[in-house]
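Notes follow once the structure below has been shown.
Here, each number is a calculation from the coordinates, and none is a lab measurement. Please read all numbers here as calculations on a predicted model, not as lab measurements. Cβ placement follows ideal geometry from the backbone for every residue including glycine, while neighbour counts extend to all protein chains displayed.
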Amino acid sequence: MWRPAARTLLVSVYLAGAAAQETQTAGGASIQGKVTLQDSPSAAPERIAVQLSQGSGATISTVYTGGNGQFQFPNVPTGDYAVSVELRGYQRFSQAVTVHRGLGRVVVYAHLRPLPAVRKSKEAAAVSVQEMLAPAAARREYAKGLDRLRQNDGAGAERHWRKAVEEFQQALRLDENNREALLGLARVLNDLRLHVEALRAAARLEQLGPDPRNHLEIARGLLGAGKVAEAETAARQLEKEPHAQAPEVHLVLFNILQGRRETAAAAAELRAYLKEMEGRASDPATARARELLGKLERETADERR
C-alpha cells in the first residue's frame, strides 16, 4: 500500500494513560483525534471519513468527524493498527498506532496538506489548486450560511448556500465522480429545500457506492418531497448502520412522528438527537431541537394535569 512521505504530513501522536482509563476495554483503549486542513486552519471539517485498519491492511471500522473535526474509535483491543484519512484534493494521511494493555487512549492528529496543481493532459492547461479544492471552498460558503442562520438572517444564509451550490457544481464539472462534491451538493440542496434536485445528486452518489452520509440526505430529500413512508424506511435503515454517526436522522424521524401526532415517540427522537450532539458546537438545528423538546414536554405535562 502506497503511503506519502512523512514530510508531506504534519502528524503528532501521543499516548495518555491512567487519566482516560474509563474509555478502555480490558486490555484495550480508545483511538481518537482530530482532522484539520492546512488551507483552512480555522475550519472544522465535518463528516470526513476516518478508517481504522488492522496491520494486515483490512479495514475494521469507519467513523466520520463531527462538527469540530474530531473522531473516535472506542474500545479498540490491543494490537497494531493504522488510522487513515482520504479526502479529495488532499494528500492521503496514514498513521500507524499500537494499542498496548493498560493504555486509556491513543490520540492522533491528522493535518492534511492540499495536493499540488496537476495537469489533465499535455495539451490542457494546469488545473489550479483553487479549482481542485472547490469542495473546500463550497464548505466554507456553507459554513458562512450557517453563521448567517445563527444570526436569524435567512436571506444571507441562502445567498451563501447558493454560492456553495455553484462551487460544488464546478467541482463536478472537473470530475463528475467527485464523491465529496456530490454529497455536499445533496446536503446544501436539501437545506435550500430543493429536495428533488438533492435526490438527483444523492442518486448519482449512490451509484458510486453506499455511504451512510448520503443515506441521510436521501431520507431528508424524500421527506421534503412528501414521500413520508419512503423517508421513514430510509431513516430507520440508517439508524441500524454501524458507525453511521448521523444524529440528524433523529430530526427526520421527529418530523415524521410529529406529523402523525405521536408526541412521545417524537420527543424521544429529539432527546436522542440532543444526546448525540453533546460536546459538539451548537447550531441552529440544535437550538431549535431544544426549543421544540421543551414545548413538547410542557404540552405533555399540561395534558397530565
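A cut-off of 5 Å between modelled amide H atoms, ignoring neighbours fewer than 5 places along the same chain, links ARG105 with ALA16, SER30. The distance from the alpha carbon centre of the stretch 60-101 to that of the stretch 138-195 is 27 Å, rounded to a whole number.
Extension gain, ALA203 to GLN54, is 50.4 nm, computed as 0.36 nm per intervening residue step minus the present C-alpha separation. Counting 0.36 nm for each residue step from ALA264 to SER42 and taking away their Cα separation leaves a gain of 75.9 nm. Backbone amide hydrogens, once placed in the peptide plane, bring HIS111 within less than 5 Å of LEU10, THR36, excluding anything fewer than 5 places away on its chain. One equal scatterer on each Cα of the stretch 149-188, no solvent, Debye formula: the resulting log10 I(q)/I(0) at q = 0.16, 0.25, 0.33 Å⁻¹ is -0.42, -0.75, -1.02. Note that the stretch 85-99 has calculated 3J(HN,Hα) couplings of 9, 10, 9, 4, x, 10, 5, 5, 10, 8, 9, 6, 9, 10, 9 Hz, one per residue in order, obtained from phi through the Karplus relation 6.51 cos²θ - 1.76 cosθ + 1.60 (θ = phi - 60°); glycine and proline are x. Our coupling estimate for the stretch 185-196, obtained by passing each phi through the Karplus curve with A = 6.51, B = -1.76, C = 1.60 and θ = phi - 60°, is 5, 4, 5, 5, 5, 5, 5, 7, 6, 9, 6, 5 Hz, Gly and Pro reported as x.
Rounded to the nearest Hz, the phi-derived 3J(HN,Hα) couplings of the stretch 255-271 under the Karplus curve 6.51 cos²θ - 1.76 cosθ + 1.60 (θ = phi - 60°) are 4, 5, 5, 5, x, 8, 6, 8, 4, 4, 5, 5, 4, 4, 5, 5, 5, where x marks glycine and proline. Estimated from the Cβ-Cβ distance and a Förster radius of 25 angstrom, the FRET efficiency linking GLN170 and LYS227 is about 0.25.
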